[in-house]
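Take a look at the structure below.
The values are calculated or read from the model by the stated rules, or taken from the named source; none is laboratory data. As the structure is a computational prediction, the values presented were derived from the model and not from experiment. We place every Cβ from the backbone using ideal geometry, glycine too, and count neighbours over all the protein chains shown.
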């Protein structure tokens, strides 16, 4: 699968920022780099432990914000990243919008929703 980026807008108590997200189908939560979450005024709500691809674990602070993409918008949890971290768009955010990443076209598309 190739690398997929999408531009979105994040909103917090102090304003909004346009962000280029790497769509990461392996990430549960979305992540904002430190410069972005500080600029829009996010504050940590809790700490969580995350496993990385190499099996190591890290502890990161988590908050919440509003994210708008061309396809939809939602309120979502976000990891408060470090200065060197890349903005990631994780599955919880995409699922909240009813979107999935199509691995063949590398585009976001509506997910098949089942009410059962």
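Would you be able to say whether some residue in the range 34-54 is under 16 Å from the mean Cα position of the chain (by Cα), in contact (Cβ under 8 Å) with a residue 60 or more places away in the chain and surrounded by 18 or more Cβ atoms within 10 Å (Cβ to Cβ)? So far as the range 34-54 goes, no, none of its residues is under 16 Å from the mean Cα position of the chain (by Cα), in contact (Cβ under 8 Å) with a residue 60 or more places away in the chain and surrounded by 18 or more Cβ atoms within 10 Å (Cβ to Cβ).
Looking only at the range 55-70, filter to residues that are surrounded by 14 or more Cβ atoms within 10 Å (Cβ to Cβ) and closer than 16 Å to residue 10 by Cα; which one of those is nearest to the chain's Cα centre (by Cα)? Walk me through it before giving the result.
If we filter the range 55-70 for residues that are surrounded by 14 or more Cβ atoms within 10 Å (Cβ to Cβ), which is where we start, we get 60-63, 65-69.
Adding the requirement that they be closer than 16 Å to residue 10 by Cα leaves 62-63, 65-69.
On the way: 62: 11, 63: 11, 65: 10, 66: 10, 67: 8, 68: 11, 69: 11 Å.
Per the criteria, the residue is 67.
Is it the case that some residue within the range 106-113 is buried (at least 18 other Cβ atoms within 10 Å of the Cβ) and at pLDDT 95 or above? Steps first, please.
Just the residues of the range 106-113 that are buried (at least 18 other Cβ atoms within 10 Å of the Cβ), to begin with: 108.
Okay, now just the ones that are also at pLDDT 95 or above, so none.
No; the residues of the range 106-113 include none that is buried (at least 18 other Cβ atoms within 10 Å of the Cβ) and at pLDDT 95 or above.
Annotation: residue 51 fulfils all but one of (1) at pLDDT below 95; (2) closer than 19 Å to residue 111 by Cα; the unmet one is (2).
Selection of the range 71-89 for residues being farther than 16 Å from residue 18 by Cβ, crowded, with 16+ Cβ neighbours inside 10 Å and in contact (Cβ under 8 Å) with a residue 40 or more places away in the chain yields 76, 77, 79, 80, 81, 85. Out of 10, 4, one residue alone is at negative phi, in contact with a strand residue (DSSP E or B) (Cβ under 7 Å, 6 or more places away or on another chain) and at pLDDT below 95. It is 4. Scanning the range 13-27 for residues that are in contact with a helix residue (DSSP H, G or I) (Cβ under 9 Å, 6 or more places away or on another chain) and either modelled with pLDDT under 95 or farther than 14 Å from residue 37 by Cα (or both) turns up 23, 24, 25, 26, 27.
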